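No value in this document is a laboratory result; all are computed from the given coordinates. Here the structure is a predicted model, which means the values were calculated and not measured. Every residue, glycine as well, gets a Cβ built from its backbone with ideal geometry; the counts of neighbours run over all protein chains shown.
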Amino acid sequence: MTLDSPLLLAAGLLVAAALGYATVVLGRRRSTALSAAGLTVAAGRWTRLGVWATIGGVAVLALAMAGPAATVPVPRASGTVILAIDVSNSMGADDIAPTRLAAAQKAARAFVEAQPDSVDIGVVAFERGGLTTARPDADHSLALGAIDRLKVTGGTSLGSAVFASLSAITGKTVSAGRDGAVPDIGYWPSATIVMFSDGQDQGEDVDKAAETAEKAGVHIDTVGIGTTEGTSVTVDGFRLQTALDEDALKSLSQTTGGAYHPVADPGGLEGVASRIDLRLTVSDERLPLAGAFIAVALALLAAGSVLTILRSGRVI
């Protein structure tokens, strides 16, 4: 327990001690004077109890005035979350209305709006490459604005998406090494990547990207946007077939200890935000205790006054 004003406590305790001393000394003098006069008056037990209850109330009130507080551990969602959103041409498909990208944007916005200020959120748009469109920040309006500006273009590279997201988390460029080794980017256990994609990967280094995230302690949750039956989409005048690749997204999330969340229809978007588990950290928060001590002090003072009045007919 900590105190805001220890001097107030010291002053209050001195007052309580002075009252206690005066009670004892004056009680003895009164007994001596009565004995000298040949009188014997025994103080009632309840009267003495009332006096000491009142003095105790003064002491507790002094403690309350000193501003006592306790430090308690409070778990809460915190850290960094990167929303990696697929903007490849296949995300323009309409097998989930109105389009896969629009559905991903809706789910991403709902996720952002559900997060507390303790979570820094960034946005990475990816197709064949990844681009950070909003750096991690506690101001979630920046992430919402970046989500609203997304447009479909290009192919898909899940590996590039992961490396771009790790770059946003660490603040430095992270990429696949030419020697085949997994890059060492340090340990980031409070960071999470939430990827919205149809999983139609046309890039490379997906496995290395997943291993890099796993080594860094970064979980990747994937949200599958679309249907496994798929549909066709027009790209540069050509009609191409596209379908949700759940296996690719599941493999990516499982490698890093994350989870896969399928969204095959607009109704499934509503529960995505609540199903994605963020890291829980424990932070010490200050809990004021003055109110509790004031309540105890008032109870003691009231009890002391009542007992004293009832037994002696007067207040101290």
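General observations
- One chain, two ends: L8 and A97. Fully extended at 0.36 nm per residue, the span grows by 25.4 nm beyond their Cα-Cα distance.
- Amide H contacts for T192 (H built 1.01 Å from N in the peptide plane; partners 5 or more residues away or on another chain; cut-off under 5 Å): T80, V81, I82.
- Summarising the label geometry, the points placed 7 Å from Cα in the beta-carbon direction at F238 and V15 lie 8.7 nm from one another.
- Length gained when the stretch A302-V72 is fully extended (0.36 nm per residue, less Cα-Cα span): 79.7 nm
- Chain lengthening between E229 and K172 when straightened (0.36 nm per residue, less Cα-Cα): 16.6 nm
- Spacing of the two label points (7 Å from each Cα toward its C-beta) at K215 and D184, in nm: 0.8 nm
- Relative contact order (percent, whole number), the range 75-282, Cα cutoff 8 Å, 6+ residue spacing: 25 percent
- Order by protection proxy (mean Cβ within 10 Å, highest first), peptides 96-109, 143-156: 96-109, 143-156
- S141/R286 FRET efficiency (R0 30 Å; Cβ-Cβ; nearest 0.05): 0.55
- Distance between modelled label sites at L49 and T255, nm, 7 Å Cα→Cβ extension: 7.4 nm
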